[in-house]
Structure formats: structure tokens, C-alpha cells
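The values are calculated or read from the model by the stated rules, or taken from the named source; none is laboratory data. Owing to the predicted nature of the structure, the values given are computational and were not obtained by experimental measurement. Cβ placement follows ideal geometry from the backbone for every residue including glycine, while neighbour counts extend to all protein chains displayed.
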Amino acid sequence: MKINFILPFAGNKPIGGFKIVYEYANRLAQRGHFINLIHPSYTYKESTFNNAKYLIRYYQRKIDKSYNPGSWFKLDPRVNSLWIRKIDNENIPDADIIIATAWRTAACSENLDQSKGKKFYFIQHYETWNGKTDEVNKTWKMPFKKIVIAEWLKNIADSMGENSFYVPNAFEFSEFGMDTKPEDRKDKRVMMLYNELEFKGSIYGLTAFNKLKKLFPDLEVVLFGVPKRPDDLQDWIEYHQTPDRKLLRELYNGSSVFISPSLAEGFPLPPAEAMMCGSALACTDIGGHREYAIDNNTALLFEPKNSDAIIRILEKLLTDRDLRIRLAYAGNEYISQFNWERSVNDFEKILTEN
């Protein structure tokens, strides 16, 4: 089959949702499908479409191919990666299947000709953080075949009267794994993804860390993220900007606890990667985390937007070594079920039979 995946913008920065799409593109190409990985420079309706800054960026990326993931993800050479100006019939190649991967790409794909492919919508989040609720909901009701990555997203589709197919995210277990046993790690070394987006909840984690440092002077905190080190970050906190996969694996394996204070997630990758590497997980009690975080079994859950709740949970994990080690091993075992062979089989079957 010829399959068009439509991303919402350039893939030059590491983003979890892009990583999942790229994995499907690679693995479907390896199965003999022809894949167009389409990166549009524009999915908005505002008048900025023709301004000078936009045009310069468009042509610059067209020349240097910086719309591709580059070093953070290796695309299979059989995948045809494209940079187009906008999503329309002129720019989208003909195919058997077309897959929108975000609400804006679904909105822009609604009126494409049938020659561009049978329409599917790969839903990785309820993107009201990135658009108006009524506009996002409208895309969920479009006559696309819908694939969701999490049970909580399927529940939303059900509530709208929309049919959807559930295919959970998967992980490459050669990329991340347990190199250091949980019992051999420092008890008070905590790791967190830092993100400037409000819904990622980083501020609640940072507030908790600063208070915990007074209770546990030997506390160590490791952050990583795409942005530069925040100017107001305490000197005692370690920060890594866009670490490569090898270093990230080392950081996960050096941390006893991973915390994820997000307010909303589709199916977050970093907490699961930390579990793969043997860190005990503490995370907010939200739909995305509950795909693999079972309270007091594979993780400890706490309410969102509550730094005091984070402090209570971390105090427990930093002082109860047996609990931390038990959660680390249980989480590591549980996450192993999310393998790519199963997910790609299910994904491919949905495309071919629906």
C-alpha cells in the first residue's frame, strides 16, 4: 500500500508523538509499504501564510532539509520524507491511505480528494491544550477511521458516539533497558522531564524539589528537556538539554525515581522509558499515565497541580527503600508487554481491513 502520514509541522525537535509516527513509518516501510512522511510548513488559517518570516523559514528548510528529525531519530531510507507548503490536493501525493496525526492535520485533510487516500485519524491526545474545544471535537466527528493510542482517548470517542480502534504505544527494548539494578542506585536521586508548556506541570515538580532539598540535603535531581537550562534553575539541579539516546539511558539507569507531574498526557513516553530502565515511577493520576501506572503496584499516583502531594509521595519513595525497589521491578516487568511487533500488527490490520 501507499500510505501518507501527515505530521503537523517540522520534525527537527524530539517530540514523543512524532517519534511514534516515525516508528510506524519505519516499520511499515520494512514490511513493504510505500510511505510518504509529509511535513507541512503551514496548518493555520491566519494571514501570516505569506509573510516574509514564514517564507524565509519555508525555503530555508526546503534547502537544508531541517524538517527531518536529524540525529534524534533515524528514518529508514525507504521512507519518503517530504516538506510541503500546505496540506492541499496540489501538495499531497496520491496514495491508498492518508493518516492525519494531529487535530490541525485532520482539519486540513477533510476536503482532500479520494485519490490522496482513504482517511484515517491517528489520535494521540485530546488536543484542547493546542486548540479550541469545539474545533478539536469537530475533527473527532469527521468521517475518518480513528485509531487511538490510549483507553482514555477511546472513552472520549465513545462518549461522542464515534467508533475507534485502540492500539497502544510501544517501545524499542534494545534502546532502553535496565543496566543497573534498582537496589544498586542512590536512594535519593530523582529524575524529571522539564517542559515549558504549562500542561506538562514542571513547575509543580520544581517547587517540590526545592522544598524537599531542605528535608533531604543529599537529594539529587536530574532534569532533561528540549529548552535551554532555565535561568532560575537552582545550581544544585543537574540539567541536560536534548540528551542523545545513549546518555538518556544512562540518566534513567542512574536515577532511583522518575517523576511525571503532567496535567494531561496522551500516552507519555519518558515515564515508560524510565520504567524500562528500572526507575520507580511517581506520576499524576491522569488518563495517559494510567495506561501503565497502577497505583501502589507499578507506580505511585498523586493528584495533579499539587506540589505538596509530590512531596509526600517522594518522601515515601526516598525513605522506604523496599517500596522503591518493589515498584521499580514491577513497573519494569509490566511495561515489557508494550512491544512493537504487536502494535504494528494491529495498526497494519486496521489499515488493510477498514
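Numbers for the structure displayed
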| quantity | calculated |
| --- | --- |
| Residues satisfying the stated conditions in region 267-295, i.e. of a type in the set (G, A, S) and in contact with a Leu (Cβ under 7 Å, 6 or more places away or on another chain) | A274, A280, A282, A293 |
| Selection status of W83, surrounded by 15 or more Cβ atoms within 10 Å (Cβ to Cβ) and touching an Asp or Glu at 6+ places or on another chain (Cβ under 9 Å) | no |
| Residue match in region 96-115 (condition: within 19 Å of G16 (Cβ to Cβ), free of Cβ contacts under 8 Å to residues at least 60 places away in the same chain and surrounded by 16 or more Cβ atoms within 10 Å (Cβ to Cβ)) | yes |
| Criterion (more than 26 Å from L197 (Cα to Cα), exposed (fewer than 13 other Cβ atoms within 10 Å of the Cβ) and at pLDDT below 95) met by exactly one of N50, N89 | N50 |
| Residue match in region 33-42 (condition: under 21 Å from A106 (Cα atoms) and at pLDDT below 90) | yes |
| Among (1) part of a helix (DSSP H, G or I); (2) of a type outside the set (K, R); (3) surrounded by 15 or more Cβ atoms within 10 Å (Cβ to Cβ); (4) at pLDDT 95 or above - the single one Y58 does not satisfy | (4) |
| Tally, over region 293-307, of residues that are buried (at least 23 other Cβ atoms within 10 Å of the Cβ) and either at pLDDT below 95 or in a loop (DSSP other than H, G, I, E, B) (or both) | 1 |
| Residues within region 204-226 that are exposed (fewer than 14 other Cβ atoms within 10 Å of the Cβ) and farther than 14 Å from L314 by Cβ, tallied | 1 |
| Meets criteria (outside any helix (DSSP H, G or I), touching a residue at least 24 places away in the same chain (Cβ under 8 Å) and over 17 Å from E23 (Cβ atoms)) for L263 | yes |
| Residues (at pLDDT 95 or above, of a type in the set (A, V, I, L, M) and surrounded by fewer than 16 Cβ atoms within 10 Å (Cβ to Cβ)) located in region 173-203 | I203 |
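A quick yes/no check of all residues on (1) touching a helix residue (DSSP H, G or I) at 6+ places or on another chain (Cβ under 6 Å); (2) part of a helix (DSSP H, G or I); (3) without any contact (Cβ under 8 Å) to a residue 12 or more places away in the chain:
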| position | (1), (2), (3) |
| --- | --- |
| F267 | yes, no, no |
| P270 | no, yes, no |
| G287 | yes, no, no |
| R312 | no, yes, yes |
| A328 | yes, yes, no |
| V344 | yes, yes, no |
